Each structure stands twice: as C-alpha cells, then as structure tokens.
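Structure first, commentary second.
The values are calculated or read from the model by the stated rules, or taken from the named source; none is laboratory data. Quantities reported herein were computed from a predicted structural model and do not represent experimental measurements. Cβ placement follows ideal geometry from the backbone for every residue including glycine, while neighbour counts extend to all protein chains displayed.
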Amino acid sequence: MAKIFIADHPLIQHKLSILRDVKTGTKEFRALIQEITMLLCYEATRDLPLEDKIVETPMGMCNAKVISGKKLAFVPILRAGTGMLEGVLELVPSAKVGHIGLYRDHETLKPVTYYCKLPADISEREVFVIDPMLATGGSAIDAIDKVKEFKPKSIKFMGIIAAPEGIEALKTAHPDVDIFVSALDEKLNEVGYIVPGLGDAGDRIFGTK
Ligand code: PRP
Ligand code: URA
C-alpha cells in the first residue's frame, strides 16, 4: 500500500506560504520551489538502502555507509517538473535524469504525452517522478505508467501541492508508489486547478503569464 507523506516541517510550511502568494515573482518562486524540493527530497530518500564501505579517516579506518546499487534517477514531468530538478540534483548530484513530456488538454483535462527520454539503465535505479502539482492525478499516473514499462527498482512521486482527488487517483492506479508532497489542499475547482493551490505552476516558474 502506498505511503502518503504530507510534510509538516515548519521550514517547508513557511516557504510554501510565500510560494502560494500571488505577489511572489518568478525569481523568488523558482528559488522557493528548489528549496522546498530539497527539504522534501530529504524525506523521500529516507529509506534508501545502504551498504557498508570501509573509509580511511585521518584517525584510522571507519566502517562507513554509502547508498547501495546503481542509485537514483529523477524524472521530471515537463514542463513544471523541471522547476524541481535543481533542488534534487543539489542533494544527489550523481543521479541520472529522464524527462517525460505531458500536458493537460484544457478541454478534457486528460494528459497528452509528447516526449519520453529515460536513462538507459533505469531498470537498475530507484526512480523519483517529480511534478509540483498533483491535481486530477492524470499526468502523474500516465508518467508512472510509462516509467513502469522500463521496470525500475522502485518508483516514488514527489510534488509540492496535491488535491485529495489526485492523491486518491494516484494511490488507486499505483498502490506501490509512495507519494511525498508538502501540502494536501482542499479541492479541485471546475477547471481542474487546485484550490487554494498556487495557480499554474508552469506559468509561475517560467513567467509565461
Ligand atoms: C500541470 C502540472 C502537472 C499537471 C497536473 O502541468 O505541472 O503536470 O498540470 O495536473 P493533473 O494532476 O490534473 O494531471 P500542465 O499540464 O499545466 O503543463 P505545463 O507543465 O506544461 O504547464
Ligand atoms: N496544474 C497547475 O499548474 N496548477 C493546478 O492547480 C493544477 C494543475
């Protein structure tokens, strides 16, 4: 059964409040997405498997720990997911990165896939699909369907804000995928936007509106 993690850390909550604010401009918005993502990534990577490694310190030998295996891949959903990429790569610089291009058809609200390029060794990696908004859940579900075709070791989803409808849909479609978000909001409005949310994440990250 999927684990649902809603961050209650004061630093995340404080930064999220500034992020939501309609008066926050593009530059600060981008920086905040990156900072919140880093804090969330800390939680989402908490149960990564470790293995022993002998390290020589200036004082002698030490039985140390390192993350085992081929490690991680981050897969942002284009385009707003790329806004979270710098945050995760700051913490895990050696991770590989795949991209999945999806957008929501504004009439049907259904995701349309237009791009998919994943690391060649993704089957040996723990994958984190990243996208700031989990609204109806359609984009995340389709992106994860696609990633699953390549049989990675595990998949987790990381986002900034979720609607109850999105959490429900994602955990029903992919009960094996843990979900990490910094807020669970009230509802979706009639055009599929999260309320109170933060508006259109892509437009706010890239300044396109
Ligand atoms: C937004 C967001 C998610 C999707 C969430 O992207 O970044 O990908 O909507 O909605 P859903 O859960 O209902 O599928 P959008 O489709 O607006 O594309 P963009 O990133 O190119 O702006
Ligand atoms: N996509 C966004 O960017 N914002 C929402 O509130 C819902 C989907």
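Please find, among Leu170, Leu118, the residue that is farther than 29 Å from Gly25 by Cβ, buried (at least 23 other Cβ atoms within 10 Å of the Cβ) and within 17 Å of the chain's Cα centre (by Cα). So that I can check it myself, show each step before the final result.
Working: Leu118 fails: buried (at least 23 other Cβ atoms within 10 Å of the Cβ).
Going through Leu170, Leu118 in turn, the sole match is Leu170.
So, of the residues in the range 127-158 that are part of a loop (DSSP other than H, G, I, E, B) and touching a residue at least 40 places away in the same chain (Cβ under 8 Å), which turns out to be farthest from ligand 1 (Cβ to nearest atom)? Spell out the reasoning first.
The initial filter retains those residues of the range 127-158 that are part of a loop (DSSP other than H, G, I, E, B), namely 131-132, 135-137, 149-153.
If we keep only those that are touching a residue at least 40 places away in the same chain (Cβ under 8 Å) too, we end up with 131-132, 135-136, 152-153.
Working: Asp131: 5, Pro132: 6, Ala135: 3, Thr136: 3, Pro152: 20, Lys153: 24 Å.
By that ranking, first place goes to Lys153.
Take the range 8-38 and flag every residue that is within 20 Å of Gly166 (Cβ to Cβ) and at pLDDT 95 or above. Before you say what the answer is, go through the steps one by one.
First, pick out the residues of the range 8-38 that are within 20 Å of Gly166 (Cβ to Cβ): 8, 12-13, 16, 19-20, 33, 36-37.
Passing the criteria: Ile12, Gln13, Leu16, Leu19, Arg20, Ile33, Ile36, Thr37.
Among the residues of the range 159-209, what is the count of those that are within 19 Å of Met38 (Cβ to Cβ), assigned to a loop (DSSP other than H, G, I, E, B) and within 12 Å of ligand 2 (Cβ to nearest atom)?
Filtering the range 159-209 down to residues within 19 Å of Met38 (Cβ to Cβ) leaves 159-162, 178-183, 198, 201, 204-205.
Subset that is assigned to a loop (DSSP other than H, G, I, E, B): 159-160, 182, 198.
Next, only the ones that are within 12 Å of ligand 2 (Cβ to nearest atom) stay: 159-160, 198.
Adding up the residues that qualify gives 3.
Output the number of residues of the range 72-84 satisfying the condition of being assigned to a helix (DSSP H, G or I) and among the β-branched types (Val, Ile, Thr).
We begin by selecting, within the range 72-84, every residue assigned to a helix (DSSP H, G or I); these are 80-84.
Okay, now just the ones that are also among the β-branched types (Val, Ile, Thr), so 82.
Residues in the range 72-84 being assigned to a helix (DSSP H, G or I) and among the β-branched types (Val, Ile, Thr): 1 in total.
Given (1) within 18 Å of Asp142 (Cβ to Cβ); (2) assigned to a loop (DSSP other than H, G, I, E, B), where does Val112 come up short, assuming only one miss?
(2)
Suppose we filter the range 88-109 for residues that are part of a strand (DSSP E or B) and without any contact (Cβ under 8 Å) to a residue 40 or more places away in the chain; how many remain?
Step one: filter the range 88-109 for residues part of a strand (DSSP E or B), giving 96-97, 99-104.
Okay, now just the ones that are also without any contact (Cβ under 8 Å) to a residue 40 or more places away in the chain, so 96-97, 99, 101, 103.
The total comes to 5.
Residue by residue, here is whether (1) touching a Ser or Thr at 6+ places or on another chain (Cβ under 7 Å); (2) assigned to a helix (DSSP H, G or I); (3) of a type outside the set (Lys, Arg); (4) under 23 Å from Leu102 (Cα atoms) holds:
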position	(1), (2), (3), (4)
Ala2	no, no, yes, no
Ile12	yes, yes, yes, no
Gln34	no, yes, yes, yes
Asp47	no, no, yes, no
Val66	no, no, yes, no
Lys70	no, no, no, no
Glu86	no, yes, yes, yes
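Would a scan of the range 101-114 turn up a residue that is farther than 27 Å from Ala135 by Cβ, touching a strand residue (DSSP E or B) at 6+ places or on another chain (Cβ under 6 Å) and small (Gly, Ala, Ser)? Write out each step before concluding.
Going residue by residue through the range 101-114, those that are farther than 27 Å from Ala135 by Cβ are none.
Scanning the range 101-114 turns up no residue that is farther than 27 Å from Ala135 by Cβ, touching a strand residue (DSSP E or B) at 6+ places or on another chain (Cβ under 6 Å) and small (Gly, Ala, Ser).
Among the residues of the range 85-110, which ones are within 16 Å of ligand 2 (Cβ to nearest atom), within 19 Å of His174 (Cβ to Cβ) and within 17 Å of the chain's Cα centre (by Cα)?
Ile100, Leu102
Please go through the range 76-98 and give me each residue that is closer than 22 Å to Glu124 by Cβ and more than 12 Å from ligand 1 (Cβ to nearest atom), ordered by number.
Scanning the range 76-98 gives Leu85, Val88, Leu89, Leu91, Val92, Pro93, Ser94, Ala95, Lys96, Val97, Gly98.
Evaluate the range 176-197: report whether one residue or more is of a type in the set (Gly, Ala, Ser) and over 18 Å from the mean Cα position of the chain (by Cα).
Yes; the residues of the range 176-197 include at least one that is of a type in the set (Gly, Ala, Ser) and over 18 Å from the mean Cα position of the chain (by Cα).
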